[in-house]
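Before any comments, here is the structure.
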Amino acid sequence: MHFHLPKPLHGWREFAGEVGIIVLGVLIAIGVEQTASALHDRAIKREAHKSVYSEVSQNVSYMRGRMATQGCVERRLDEVGSLLARAGDGAISPEPKWIGQPAIWFNSDERWQAATGSGRASLFSPDEQSDLARIYVATKRFVDAEEREQAAWAQLRGLETWTGPLGAAGRVHFVSALQAARLELWDTRVTAEVAFERATALGLGKAPSKTMVAGYSIPHAVCLPIDTPRDKALQLLSANSPPWGQPK
């Protein structure tokens, strides 16, 4: 028994040519699709890069704004420490009229969370992903230290309205708050320096953004003299402070 392959209507050569055209068309379509996908990924990466790096730059700028007042914070804590040391269990003299507070900066990670949650962060190189994750860890620690610091300073502001002798309990209370504030002062400084180093590794400049810190220009509350009457302090700060004012 013999089997005969069916012959194309126009011959094997024409058939091969037609198949070749089809294969070539498929390959071109695949190539075009891959190119379009690559271009799309590059565009998504550029968008994610711009968004995340802008957020990092803003956070670093805020940290630099805080570091600009770090000397005022340390000086105020030293002043409070001297007052408490002289007073012992007795009355504070002279009575502090203005303690103030360190500036607090609202650093964020929403864009980084959006990039990681959507998978766009995977378009960054492994090293870049690691560097970004590390700087956001520093940012989170900085924010946490600021929150604890504000709690300590809230206790220290009680000295503005304290009357009479401190007594043993009062002295211990304020000294404890003072030491907590000093610890967080150290933590913010160390964490900020780590963040600056990691930002430099990402290619971000060291200069703070003037636009970012313009709303928090000196004098900050903590930089005003300790003997400034509260009403005078609020008046001096009104032009440069955020609209929500100062805590008591």
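Once the Cβ-Cβ distance of Glu128 and Trp162 is raised to the sixth power relative to R0 = 51 Å, the FRET efficiency obtained is 0.45. Which of the aspartates and glutamates could a cross-linker bridge to Lys97, judged by Cα under 19 Å and excluding same-chain residues fewer than eight apart? By straight Cα distance, Lys97 reaches Glu74, Asp78, Glu79, Glu160, Asp227, Asp231.
Each of Asp89, Asp109 was scored by other Cβ atoms within 10 Å of its Cβ. Listed from fewest to most, they are Asp89, Asp109. Fewest neighbouring Cβ atoms within 10 Å first, the residues Thr116, Thr163 line up as Thr163, Thr116.
FYI, it's all coordinate maths here, none of it is from the lab. Small disclaimer: the values here were computed from a predicted structure and weren't measured. Ideal geometry is used to build each Cβ from the backbone, glycine not excepted, and the neighbour counts take in all protein chains shown.
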